[in-house]
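Visitor: Pasting a structure below so you can have a look.
The values are calculated or read from the model by the stated rules, or taken from the named source; none is laboratory data. As the structure is a prediction and not an experimental result, all values here were calculated from the model. Cβ placement follows ideal geometry from the backbone for every residue including glycine, while neighbour counts extend to all protein chains displayed.
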């Protein structure tokens, strides 16, 4: 197992992590900004007002992008486990 293969494996894992987490984080960011603008405009400062829409956005994102996210993670793990004998030996 060479240092290059370890670095490649780690870099690919980080890329997959960023790729899979991006839809959920972007949905949460967009909903958070919209709620923040609404709260600033109406001067309503309630914590649950920002929490509930974010939870609903995350659930909707998982419902829409969940199968794709699962496919990406399964493909990555399949590649890692299939290539494991070549990496070790």
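Visitor: From the list 53, 3, which residue is at pLDDT below 95 and in contact with a helix residue (DSSP H, G or I) (Cβ under 6 Å, 6 or more places away or on another chain)?
Guide: Details: 3 fails: in contact with a helix residue (DSSP H, G or I) (Cβ under 6 Å, 6 or more places away or on another chain).
Going through 53, 3 in turn, the sole match is 53.
Visitor: Let me ask you something else. Taking residue 6, is it part of a helix (DSSP H, G or I) and exposed (fewer than 12 other Cβ atoms within 10 Å of the Cβ)? If you could, list the steps in order and put the result at the bottom.
Guide: Details: part of a helix (DSSP H, G or I): yes; exposed (fewer than 12 other Cβ atoms within 10 Å of the Cβ): yes.
Yes: the conditions hold for residue 6.
Visitor: A follow-up question, please. Exactly one of these conditions fails for residue 28: (1) within 13 Å of the chain's Cα centre (by Cα); (2) not in a helix (DSSP H, G or I). Give me its number.
Guide: (2)
Visitor: Separate question: Select from region 13-27 the residues that are surrounded by 12 or more Cβ atoms within 10 Å (Cβ to Cβ) and without any contact (Cβ under 8 Å) to a residue 24 or more places away in the chain and list them in ascending order.
Guide: The answer is 17, 22, 25, 26.
Visitor: Now, a different point. Output yes when any residue across region 28-38 is out of contact with any strand residue (DSSP E or B) (no Cβ under 7 Å at 6 or more places or on another chain), surrounded by fewer than 10 Cβ atoms within 10 Å (Cβ to Cβ) and free of Cβ contacts under 8 Å to residues at least 12 places away in the same chain, and no when none is.
Guide: no
Visitor: Please specify each residue of region 79-89 satisfying the condition of being touching a residue at least 24 places away in the same chain (Cβ under 8 Å) and surrounded by 10 or more Cβ atoms within 10 Å (Cβ to Cβ).
Guide: 80, 87
Visitor: With the requirement that a residue be closer than 30 Å to residue 1 by Cα and surrounded by 13 or more Cβ atoms within 10 Å (Cβ to Cβ), what does region 44-78 give you?
Guide: Across region 44-78, the qualifying residues are 69, 72, 73, 76.
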